[in-house]
Every structure is written in C-alpha cells, then in structure tokens.
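Peer 1: I am attaching a structure below and will ask some questions about it afterwards.
The values are calculated or read from the model by the stated rules, or taken from the named source; none is laboratory data. Fair warning: this is a prediction, and the values are worked out from it, not measured in the lab. Here Cβ is always computed from backbone atoms with ideal geometry, including for glycine, and neighbour counts include all displayed protein chains. We work out accessible area using only protein heavy atoms, side chains counted, and drop any ligands, DNA or RNA first. Shrake-Rupley method; radii C 1.70, N 1.55, O 1.52, S 1.80 Å.
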Amino acid sequence: MKLQCDVEVVNRMLPTYGMKNRGRGARAVLSIGRHLDKTTQRANVYLMICTAKDKTGSKYKLKENIEKFFTWFVEEGKATVRLKEPAVDVCLSKADANNLKNFLSAARLAHRGSDNDTLPLSTLTPVRARDVEKPKKKLTIVSKKDYPLTSNFPHSLEQLQVSYCKLSRVDMRMLSLKSLRRLDLSNNHIKKLPATIGDLGCLAELILHNNHLEAFSEALCLSSLQRTLQHLDLSQNRLQTLPAQFCQLRGLVNLKLDDNKLVRLPFHIGWLSKLRFLSAAHNQLPFLPGDFRKLTLENLDLFGNPFTQPNPLDHTMQLTFPLTLQEMASRAVIDLRIPYGPRLLPFHLCQELELSKTCDCGRACLSSYIQNAVSMNLHLVSHTVVLVDDMGGTEAPVQRHFCSLTCYSEFLDGCLQRSLR
C-alpha cells in the first residue's frame with residue numbers, strides 16, 4: 001500500500017523544550033509493509049515515509065502504536081495519524097481522497113495486528129527522485145521531438161502548451177487532466193475538436209490559434225465550458241460559421257476569431273454579457289447581428305471585413321399574412337418567457353426558438369419578419385475600436401428585424417424625420 005501526498009511529521013515534544021515545528025509539509029511517498037525488527041528478529045508492519053531529502057525513508061511501527069486518527073477533512077485529501085512512540089503526528093495533505101481512505105483503512109488494520117495476508121502490503125524500498133518531486137503544474141512543449149509518446153502527461157498539470165508538434169487531433173491523454181485550467185494547442189494541424197474537451201471542468205483558457213478547424217461543435221457549447229471558459233482563441237483557422245449555441249458560453253471575457261472565413265457572427269452574441277475583448281478581423285462579415293448592440297466591450301477589432309454601406313430602404317420581406325399558428329405561438333413563448341426545452345417541445349422547434357429575432361418594439365419574431373441593416377458607430381458598444389477600414393471608419397452595418405409592417409413604417413418615418421433635420 002502506497003500513497004503520494006504532502007507530509008509533515010510534527011514532534012509533540014518540541015513545545016516542551018520551547019521549540020516550534022517549521023509548519024510546512026514536503027512531498028512524500030508513504031508505504032505500509034513488513035520490516036525485520038533487529039531487536040526482536042521478528043517481521044513487523046511499519047509505516048515508511050520517503051521524501052526528497054530522505055529517499056531511504058523513516059520507519060514507524062504501526063501495530064498497537066496508533067493513538068488516534070483525525071479524519072474530519074479526509075474528503076479534502078487531509079488527515080492526521082497520531083503515533084504513540086515516537087510521540088509524533090503524521091499530518092497528510094494534498095492526497096487523492098479515495099487513495100487516502102484506502103491507506104488509512106490499511107493503517108487501522110496494521111494497528112489492530114490483523115493477519116498480514118489481509119493487508120495490502122508494499123515492499124519498503126527507497127523511492128526514486130521523481131516520485132517525491134512536487135506535482136508539476138505547468139508543461140510547455142514546442143517541438144515534436146519533445147512530445148511524450150510512451151509516457152503520460154503529469155496528472156497535476158494546470159497549464160499545458162503543445163505547439164508546433166503537427167498534431168492532427170487532440171491527444172486523448174490530455175483530456176484526463178482534470179485540473180487543467182489553460183490548454184494551448186496553437187500552431188498545429190487540428191481539424192476537429194472532441195466533445196470530451198467539455199469534460200475538463202476547470203478549463204478557463206482554450207487557445208487554438210493557427211490550426212485547421214472547420215467547426216466548433218454544439219456539444220462543446222453545451223458542456224461545462226459554459227461556466228468555466230473565459231478566454232477562447234480560434235484565430236487563423238477555417239471557420240465559416242459558429243453554432244447558435246455558441247452564445248451559451250456566457251463566461252467568455254476574451255474571444256479571438258481573426259483570420260477565419262466567417263460569414264456571420266452568432267445570432268445571439270448579445271448574451272455574452274461578460275465579453276470585454278472581441279477581435280474578428282479579416283473575415284467575410286457583410287454585417288453584424290442585431291444583438292451586437294447589447295455588447296459592452298473594452299476593445300473591438302473588426303478590421304478587414306467586407307462591410308457595405310447600408311441603405312435603410314433596402315429590406316428583405318419575409319412577412320406572411322396572416323401569421324401562421326406556429327409563428328404566433330412561438331412569438332408568445334418568447335414574449336411571455338414561457339419555459340421550453342426538448343422534454344416539452346420537439347427538438348427542431350427548440351432550435352427555432354433559440355434563433356428568434358427581436359423587433360425594434362421589443363417583441364419577438366421567428367420566421368416571419370422584415371429585415372434590413374443600418375449603420376452603427378462601434379463606439380456605442382466598445383471603449384476602444386480598431387478602425388474597420390483604411391479610410392478611418394468606425395461604423396459597421398447592423399441587422400434589424402421588424403415583426404410587422406407597422407413597426408417597419410415607424411422605423412422609416414423616423415429615418416425620414418432625421419434626414420429632414
């Protein structure tokens with residue numbers, strides 16, 4: 001039985017002599033196994049603690065030598081074993097909770113003098129240096145020759161960068177790193193992202209700059225990334241569109257979409273209320289979605305997109321008379337904020353509801369509407385704006401939708417009055 005964790009051995013007699021323990025644990029490997037007692041010439045069960053400074057290990061007899069177990073915080077990977085002789089407390093921390101429970105169970109059995117056949121004993125031998133090193137938090141690989149082919153990534157990693165390794169897919173070994181907060185796979189040849197990236201429950205930064213991505217899956221948008229992901233870099237890929245569900249990533253603060261082939265931004269981009277930095281330069285965006293007006297950014301870069309000067313009189317008419325029953329019912333669901341989901345409605349109807357448009361009057365419209373575009377000064381949504389063209393412009397066309405002829409007529413009347421002033 002072995003356990004890797006941080007250990008501090010506290011001598012309970014030190015305060016008697018006016019001394020203090022240093023109060024800091026060291027990475028260690030704990031083993032429970034048989035050792036020949038030289039005084040009695042009998043093999044007893046011992047606890048051996050090996051650290052980087054003491055690789056050969058210190059041994060403590062266990063049979064009838066444990067005064068008490070302190071296990072209040074065992075679920076957090078912490079526990080203390082109080083020994084009778086010598087008078088020390090073995091304080092354990094940063095252990096895997098399940099492994100710690102198993103280790104303490106074995107120690108209890110050894111204390112009671114249980115039959116050695118029932119104990120999961122280990123050989124008490126010195127440890128290797130790598131076994132008692134501090135858990136590795138950060139790893140950077142920027143060359144294919146340094147990429148691990150036969151060994152796993154350290155499970156303690158919180159930051160991992162693998163660049164310039166010509167990866168064509170995400171290595172599944174990376175997806176077992178449950179503590180990972182930053183994953184940088186930039187400058188590779190990755191074409192598709194596995195949905196299991198969404199199982200990385202701590203991931204806050206995902207950098208996929210300069211790959212061959214052609215899509216960002218809906219499954220990722222609906223995964224735990226919804227609450228954890230803050231920084232996403234998809235620049236220099238081959239993306240043409242992003243799914244409607246992309247706007248479920250509501251924790252995003254920084255989003256980079258430069259140098260793709262995007263023909264439109266997500267329809268409900270206004271849902272990204274925490275977004276502060278957005279760059280989508282050098283794409284194929286002819287206009288911005290109406291929801292773009294809801295953003296509150298600090299920095300915005302849309303340079304190099306084929307924006308055209310909009311004419312408020314140019315419009316697309318998709319209004320039907322009378323409205324279909326489905327259109328009226330769908331509008332009511334959105335306007336009255338009636339809950340819906342796959343358990344209540346067919347999946348295709350849920351998808352249509354997620355793509356609802358908002359009229360200038362504030363009411364919803366889905367498949368029946370009038371659409372046009374108007375010019376908007378981007379300083380209305382961002383403190384700092386990179387010029388959108390070589391002429392020094394900071395305006396871009398934004399889509400607008402109208403639920404009825406009445407709303408569209410009122411819009412045109414407003415445009416006419418402004419032009420006469």
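Peer 1: Given (1) out of contact with any strand residue (DSSP E or B) (no Cβ under 6 Å at 6 or more places or on another chain); (2) farther than 30 Å from Ser279 by Cβ; (3) among the basic types (Lys, Arg), where does Arg331 come up short, assuming only one miss?
Peer 2: Only one criterion is unmet by Arg331, namely (1).
Peer 1: From the residues in region 86-104 that are in a helix (DSSP H, G or I) and polar (S, T, N, Q), which one is surrounded by the fewest Cβ atoms within 10 Å (Cβ to Cβ)?
Peer 2: Only one residue fits best here, namely Asn98.
Peer 1: For Arg182, only one of the following conditions fails: (1) more than 15 Å from the chain's Cα centre (by Cα); (2) open to solvent by 30 Å² or more (accessible area, probe 1.4 Å); (3) in contact (Cβ under 8 Å) with a residue 24 or more places away in the chain. What is its number?
Peer 2: (1)
Peer 1: When residues of region 207-219 are filtered for being outside any loop (DSSP other than H, G, I, E, B) and crowded, with 19+ Cβ neighbours inside 10 Å, how many remain?
Peer 2: Summing the residues that are outside any loop (DSSP other than H, G, I, E, B) and crowded, with 19+ Cβ neighbours inside 10 Å in region 207-219 gives 1.
Peer 1: If you take the residues in region 105-132 that are part of a helix (DSSP H, G or I) and surrounded by 18 or more Cβ atoms within 10 Å (Cβ to Cβ), which one is modelled with the lowest pLDDT?
Peer 2: Val132
Peer 1: Under 9 Å between Cβ atoms, which residue pairs at least 6 apart in sequence (or on different chains) link something in region 248-269 that is at positive phi with a partner that is open to solvent by less than 50 Å² (accessible area, probe 1.4 Å)?
Peer 2: Filtered contacts from region 248-269: Asp259/Ser235; Asp259/Asn237; Asp259/Ala281; Asp259/Asn283; Asp259/Gly304.
Peer 1: A further question follows. May I ask you to verify whether Leu265 is buried (at least 21 other Cβ atoms within 10 Å of the Cβ) and at pLDDT 95 or above?
Peer 2: no
Peer 1: If I filter region 335-348 for residues that are at pLDDT 90 or above and buried (at least 17 other Cβ atoms within 10 Å of the Cβ), do I get at least one hit?
Peer 2: No, there is no match, as no residue in region 335-348 is at pLDDT 90 or above and buried (at least 17 other Cβ atoms within 10 Å of the Cβ).
Results for (1) open to solvent by 40 Å² or more (accessible area, probe 1.4 Å); (2) on the phi > 0 side of the Ramachandran plot; (3) β-branched (Val, Ile, Thr), shown as yes or no for each residue.
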residue: Pro322; (1), (2), (3): yes, no, no
residue: Met328; (1), (2), (3): yes, no, no
residue: Leu378; (1), (2), (3): no, no, no
residue: Val385; (1), (2), (3): no, no, yes
residue: Val398; (1), (2), (3): no, no, yes
residue: Phe402; (1), (2), (3): no, no, no
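Peer 1: Oh, and also: Against the conditions (1) in a strand (DSSP E or B); (2) within 16 Å of Gly25 (Cβ to Cβ); (3) of a type in the set (Ser, Thr, Tyr), where does Ser156 fall short? Just the number, please.
Peer 2: (1)
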